[in-house]
Amino acid sequence: MQKEPHRLAGVKKERGKSLSVKHLLGIKDITPADIELIFATADTFKSVINRPIKKVPSLRDVTIANIFFENSTRTRISFELAERRLSADVLNFSASASSVKKGETLIDTVNNILAMKVDMIVMRHSSPGACSFLSKHVNSIIVNAGDGTHEHPTQALLDAYSIREKYGSVRGKKIAIIGDIMHSRVALSNIFCLQKLGAEVMVCGPPTLLPKYIGQLGVKVEFDLMKALTWCDAANMLRIQMERQDIKYFPSLREYTMLYGLTRQRLDSLDKKITIMHPGPINRGVEITSDVADSEQSIILDQVENGVAIRMAVLYLLAAKN
Ligand code: CP
């Protein structure tokens, strides 16, 4: 029961420049040139959203459905704002208030949404691979807004874009990703994205929260927080994903904080000023203290701001390609 996709007739193509992919399913699938194109396009959109009139007509007559099967604040609002800034028509679908609760399948749900002349699907789902699965079974452009512990491509793009904004380039920068790597889609997408852009990547956390395969991805592995902080230019702090843990991976949150919490005292003991990042949501007082999260070294809210421009770029480029 597949319908032909609604034509994206009004979307203007940049001559000679387009993404190598039809969907954004993961950073693993895209090229460094794709990432540079997304960043260059985001530069343009960032200047647009800082103008008094923040809207452009780029996706007029394009309809986008945001279908979220998991909770979200930043990603859902950021995609919706990006879509509205591009003049797209926007539908928001929350699984908890839908007929999924009556047993409807994912494919049937999405095909019914597409039958109403929807052009693009932005999906968050708890199952790794759900977006890839959907892309093979429905006739639409799919954007992954986070699939379980697998990938969160737009988060990684906005993180790398924020590093580029801070330092001028990602190439050669040393980035430490610290915390619950095992359950983090942000970590995996960041590793792929930063490596494609020429950064050095380290992961740091308790051995039980670092997957056994992680060394095979070409990252440095460190169990000592102070050594990671001493090495890096920027530290991307991840929260402990309690909702994905069915067993205990460490004795207590208090012990985790004592060993891996980023405090002002730890930062001040370094002989340089590193940049502090966090994808959110923050668990203040666990992986990071409030004074560090809110300090002048933190670019956490810059990351959030950049998310809108990055998502505008991704949606625009995918629509233009298709
Ligand atoms: N960073 C991020 O994905 O946040 P949300 O879960 O609030 O979307």
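The values are calculated or read from the model by the stated rules, or taken from the named source; none is laboratory data. These figures come from a predicted structure and were not determined experimentally. Methodologically, a virtual Cβ is constructed for each residue, glycine included, from the backbone with ideal geometry; neighbour enumeration extends over all protein chains shown.
For the reader, a short list of remarks on this structure follows.
- Count of segment 267-311 residues which are exposed (fewer than 15 other Cβ atoms within 10 Å of the Cβ), over 22 Å from the mean Cα position of the chain (by Cα) and in a helix (DSSP H, G or I): 3
- Of the residues making up segment 22-36, those that are assigned to a helix (DSSP H, G or I) and within 17 Å of the chain's Cα centre (by Cα) are I27, K28, D29, P32, D34, I35, E36.
- If you go through segment 62-74 and keep only what is out of contact with any helix residue (DSSP H, G or I) (no Cβ under 7 Å at 6 or more places or on another chain) and within 7 Å of the ligand (Cβ to nearest atom), you end up with N71, S72, T73.
- Residue match in segment 180-193 (condition: away from the ligand (no atom under 16 Å from the Cβ), more than 17 Å from the chain's Cα centre (by Cα) and either more than 20 Å from K220 (Cα to Cα) or assigned to a helix (DSSP H, G or I) (or both)): no
Okay, residues lined up against (1) touching a helix residue (DSSP H, G or I) at 6+ places or on another chain (Cβ under 9 Å); (2) away from the ligand (no atom under 16 Å from the Cβ); (3) without any contact (Cβ under 8 Å) to a residue 40 or more places away in the chain; (4) over 30 Å from I53 (Cα atoms):
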{"residue": "F79", "(1), (2), (3), (4)": "yes, no, no, no"}
{"residue": "E83", "(1), (2), (3), (4)": "yes, no, no, no"}
{"residue": "L86", "(1), (2), (3), (4)": "yes, yes, no, no"}
{"residue": "F93", "(1), (2), (3), (4)": "yes, no, yes, no"}
{"residue": "V100", "(1), (2), (3), (4)": "yes, yes, yes, yes"}
{"residue": "G103", "(1), (2), (3), (4)": "no, yes, yes, yes"}
{"residue": "V110", "(1), (2), (3), (4)": "yes, yes, no, yes"}
{"residue": "M123", "(1), (2), (3), (4)": "yes, no, no, no"}
{"residue": "S126", "(1), (2), (3), (4)": "yes, no, no, yes"}
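- So S58, is it under 29 Å from K196 (Cβ atoms), among the small types (G, A, S), touching a Phe, Trp or Tyr at 6+ places or on another chain (Cβ under 8 Å) and modelled with pLDDT of 95 or more: yes
- Only one entry in D119, D89, D34, D43 is buried (at least 22 other Cβ atoms within 10 Å of the Cβ), modelled with pLDDT of 95 or more and out of contact with any Phe, Trp or Tyr (no Cβ under 8 Å at 6 or more places or on another chain), namely D119.
- Taken as a whole, the condition of being in the same structural domain as D159 (by TED's automatic domain parsing) and buried (at least 19 other Cβ atoms within 10 Å of the Cβ) applies to L262.
- Applying the condition of being charged (D, E, K, R) and more than 16 Å from the ligand (Cβ to nearest atom) to segment 244-259 and asking which residue is surrounded by the fewest Cβ atoms within 10 Å (Cβ to Cβ) yields D246.
- Filter result for G172 (within 16 Å of the ligand (Cβ to nearest atom), at pLDDT 95 or above and of a type in the set (G, A, S)): no
- Flag if T75 is within 19 Å of the chain's Cα centre (by Cα), exposed (fewer than 13 other Cβ atoms within 10 Å of the Cβ) and either closer than 30 Å to P281 by Cβ or not assigned by TED's automatic domain parsing to the domain that holds R244 (or both): no
- Selected residue (criterion: farthest from S20 (Cα to Cα)) from residues of segment 108-143 that are assigned to a strand (DSSP E or B) and touching a Lys or Arg at 6+ places or on another chain (Cβ under 8 Å): R124
- Count - residues of segment 121-152 that are under 14 Å from the mean Cα position of the chain (by Cα) and farther than 18 Å from I64 by Cα: 6
- Test result for S169, within 20 Å of S78 (Cβ to Cβ) and of a type in the set (G, A, S): no
- Residue within segment 234-243 that is away from the ligand (no atom under 16 Å from the Cβ) and in a loop (DSSP other than H, G, I, E, B) present: no
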